[in-house]
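S.K.: Below is a structure I'd like to ask you about.
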Amino acid sequence: MRRLAVTNFIRAMSIALGTEKVSGFECINYVQRGLAAGYRMIDTAQVYRNEEEIGKAVRKSSIPRENIFVINKISSGFKKNPSSPKEASDSARASIDRLGLSYVDLFLIHQPGNDEDDTAADARRVTWQALEDLVEEGIVKSIGVSNYTAEHILELRQFAKIYPPRVNQLELHPWCQQRKLESFCRDQGIWIQAYSAIARNSHSSHAELCALANKYNKSTAQILIRYSLQKVWTPIVKSTSLAHLHANSQVDDFTISKDDMKLLDSWDKKMEGSICMYLKKTLVAKINGPLVPWLINTTEE
Ligand SMILES: NC(=O)c1ccc[n+]([C@@H]2O[C@H](COP(=O)([O-])OP(=O)(O)OC[C@H]3O[C@@H](n4cnc5c(N)ncnc54)[C@H](OP(=O)(O)O)[C@@H]3O)[C@@H](O)[C@H]2O)c1
């Protein structure tokens, strides 16, 4: 099976700009503000219905296209239960057209579908194969998954030409660490992206978190973003506030100590700590993989 290369450029991308529930003209402004503030990785999805605006902001920017990393997520295939890769392929192509970009850096399958629905496995296979074809064509640079369990990832081995998936994008923050799945992904060399990385600011008055913020002279959001980076995840954070947008990127000037990382780790509530309803309903990681240090492979293969 062929592995896609991860370049140093991708490695340099540290925090992604979330774009869920930002649309219209506000979305163009938002992405432009994000790029001006130094963000170079933008996360969108078909269901966010803002692909056109994101594409416009990227095209209008004076930053070279190759210095911006656009992540998109396909989901429409599952609603239609595609019986052929062509349907999934058409859906992904329509996304690329809406973006108005000649390529997408990373296309993810947004979610694995409902395991109780016996057409979901077929939809996963067909969608993956369609994305593989787009990689072959060069209009998608790399492909991955989101909200996949270890079992869903292993299933890919039965038919994938490209394995492992480059990324698994998951809800990850101290209250929802998905440890077994996270460890499994690291074992497989899968780049972990952490969505809702600051848990939608819902723990901003958590006493111990506030104490850490005081100790490091940072905001609670900055502590959570730094935590995510030190876990070697790529945090995806959304902020429509300019002040937050700037502050969230200022996290390189401090390091959370080992003991404080352990403290943050101790807040895990497993699935109960999830703020994403999708996860609460469907995700149960069953793999008992050993925890091994994970490094992004920066060599061309
Ligand atoms: N793959 C998936 O299934 C999936 C699921 C969910 C999300 N995502 C992606 O992940 C992105 C981020 O996740 P999310 O939007 O759910 O949650 P999040 O980024 O953890 O939190 C966003 C919320 O936090 C607030 N906020 C941001 N910075 C702040 C700061 N410094 N101080 C105080 N409040 C702050 C924002 O308000 P303000 O705007 O006022 O700053 C917003 O209400 C999404 O936009 C999307 O791109 C992917």
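The values are calculated or read from the model by the stated rules, or taken from the named source; none is laboratory data. This one's a predicted model, so the numbers in the text were calculated from it and none came from an experiment. Because the Cβ atoms are built from the backbone with ideal geometry, glycine has one as well, and the counts that use them run over all protein chains shown. These accessible areas exclude ligands, DNA and RNA; they are computed on the full protein's heavy atoms, side chains included. Shrake-Rupley method; radii C 1.70, N 1.55, O 1.52, S 1.80 Å.
S.K.: Write down the accessible area per residue of region 12-55 in Å², having rolled a 1.4 Å probe over the full set of protein chains.
M.R.: With all protein chains present, region 12-55 gives 37 Å² per residue.
S.K.: Evaluate E = 1/(1 + (r/R0)^6) for residue 263 and residue 36, where r is the Cβ-Cβ distance and R0 equals 45 Å; express this FRET efficiency to the nearest 0.05.
M.R.: So the FRET efficiency works out to roughly 0.80.
S.K.: Taking amide H positions as placed in the peptide plane 1.01 Å from N, state which residues far from residue 140 in sequence (5 or more) or on other chains have amide H under 5 Å from it.
M.R.: It is 104, 135, by chain and number.
S.K.: Using the Karplus curve 6.51 cos²θ - 1.76 cosθ + 1.60 with θ = phi - 60°, work out ³J(HN,Hα) for each residue of region 169-182 in order, rounded to whole Hz, and write x for Gly and Pro.
M.R.: 8, 9, 6, 9, 6, x, 8, 9, 9, 6, 4, 5, 5, 4
S.K.: Ignoring ligands, DNA and RNA, please state the percent of accessible area on region 66-193 from carbon and sulfur, probe 1.4 Å.
M.R.: The value for region 66-193 is 45 percent carbon and sulfur by accessible area.
S.K.: On a full-extension model of 0.36 nm per residue, what is the gain between residue 215 and residue 159, subtracting their alpha-carbon distance, rounded to one decimal in nm?
M.R.: Gain on extension, residue 215 to residue 159, equals 15.1 nm.
S.K.: Now for a different question. What per residue convex hull volume, in Å³, comes out for region 38-146 when only alpha-carbon positions are used?
M.R.: Spread over its residues, the Cα hull of region 38-146 gives 87 Å³ apiece.
S.K.: Right, another one. Taking amide H atoms as placed 1.01 Å from N in the peptide plane, list the residues 5 or more away in sequence, or in a different chain, whose amide H sits under 5 Å from that of residue 108.
M.R.: HN-HN under 5 Å from residue 108: 72, 73, 74, 144.
S.K.: A further question on this structure: By how many nm would the segment from residue 49 to residue 254 grow when fully extended, if each residue of separation counts as 0.36 nm and the alpha-carbon distance is taken off?
M.R.: Result for the pair: 70.2 nm of gain on full extension.
S.K.: Okay, moving on. How much length, in nm to one decimal, is gained on full extension between residue 20 and residue 93, taken as 0.36 nm per residue of separation minus their Cα-Cα distance?
M.R.: Stretched out fully, the residue 20 to residue 93 stretch lengthens by 24.2 nm.
S.K.: Are any of the pairs 21/231; 60/86; 73/238; 21/56; 231/269 more than 20 Å apart by Cα-Cα distance, and if so, which?
M.R.: 21/231; 60/86
S.K.: Averaged per residue, what accessible area in Å² does region 167-276 show with a 1.4 Å probe, protein chains only?
M.R.: Accessible area per residue, region 167-276: 42 Å².
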